[in-house]
Every structure is written in structure tokens, then in C-alpha cells.
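Engineer: The structure that follows is given in the form of C-alpha cells.
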Amino acid sequence: VTGGPTAATIGTGTTATSSATQVEAKEVSVGTGAQAVPGATVSVLYVGQLADGTVFDSSAMHNNEPYTFVLGSSEAGSPIPGFQIGVNGMKVGGERIMSIPAALAYGEQEIKGSDGTVVIPANSTLVFDVKLINVVAPEQQ
């Protein structure tokens, strides 16, 4: 998956414009810690759902271990572009709910679980509830 963060921080209680190519995000709570910026290593706790509310992945499914990645990276194992766009600008301690259109998620590709069943259907809008728990700035790595 390729791509990187391009969105600005969204103010408390506001929602970005929604379209087929934009991430819609709403602040649940604004953090007061370090800000997530491209190149920083960030750690998040999250719940990922389909638009109908079906949970397809979460930190709870991984022993509540934070998901850690370099923001803006397109290396293998990096999150989908829409997830990175949504995390960009968050501050540690903050929580954001984001709706990611298929174009910034998996597009026409369906994602299957280890048993071969479809976990994320093709062309799905994904909804993530994300809590930013740590940021290591690029110069501190």
C-alpha cells in the first residue's frame, strides 16, 4: 500500500468534507502530547469496522498491543493511506474517529482472513476509532 499523510488537523467536534477520495475525521478528544508528523514513529490503539459496524480488526484482537508504524511510510506492513492521513496531526492522548473511503483503503481488492473468508469486501468504506498513545519524533529515532 502506498501513500502518505496529507490532511490537516481537524478541530474538536468538526467533520471534514466527505467524498470518495477524502478521509472524514471527527475528534473525540484532542490530545495534549507530541504531535504525529510524517517520519515520526507512532503507536496507536484502534478498532476497525465496516460501515455496517462489523469489527474486522482491533488492538483487542492483538492482545491490546499498540500498532506502531512510521507515519508516511509506504514500506510493506505500513497502514493503508487513509489510516495514515487520519492519524497525521493527532496529538498523544487524543482519540479520532475516521471514515476512510475505499479509494484510500483497499479499493477493489477484497481482504480475506486466514480461513479464506472475506473480512473486508471490495470497495468498502472503513471506520476506525484510533487513540494515539506515543510519538517518537524522526530526530529521536
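The values are calculated or read from the model by the stated rules, or taken from the named source; none is laboratory data. Note that the coordinates shown come from a computational prediction; the quantities given were computed from them, not determined experimentally. The area values use the complete protein model at the heavy-atom level, side chains included, leaving out ligands, DNA and RNA. Shrake-Rupley method; radii C 1.70, N 1.55, O 1.52, S 1.80 Å.
Engineer: Working from the pairwise distances between different alpha carbons, so that the mean of 1/r is found and then inverted, what is the chain's Kirkwood radius in Å?
Structural biologist: Values: mean 1/r = 0.0663 Å⁻¹.
Its Kirkwood hydrodynamic radius stands at 15.1 Å.
Engineer: Probe radius 1.4 Å, ligands and nucleic acids ignored: give me the carbon and sulfur share of the accessible area of region 12-110 as a rounded percent. Write out the running numbers ahead of the final one.
Structural biologist: Details: 2370 of 4740 Å².
The computed percentage sits at 50.
Engineer: Further, regarding this structure: Taking only DSSP H segments of four or more residues, each worth -39500 (n - 2.57), what value at 222 nm results for the chain once the sum is divided by all its residues, to the nearest 500 deg cm²/dmol?
Structural biologist: Working: 1 runs with 7 residues, N = 141.
Calculated at 222 nm, the ellipticity per residue is -1000 deg cm²/dmol.
Engineer: Can you list the lysines whose alpha carbon sits under 19 Å from that of Lys112, skipping same-chain ones fewer than 8 residues off?
Structural biologist: Candidates past the 8-residue exclusion: nothing left.
Engineer: Cross-link partners among lysines for Lys131, C-alpha distance below 21 Å, same-chain residues fewer than 8 apart left out?
Structural biologist: Filter leaves Lys26, Lys91.
Engineer: Determine the per residue accessible area of the chain with all protein chains present and a 1.4 angstrom probe, expressed in square angstrom.
Structural biologist: On the way: 7240 Å² over 141 residues.
Heavy-atom accessible area per residue stands at 51 Å².
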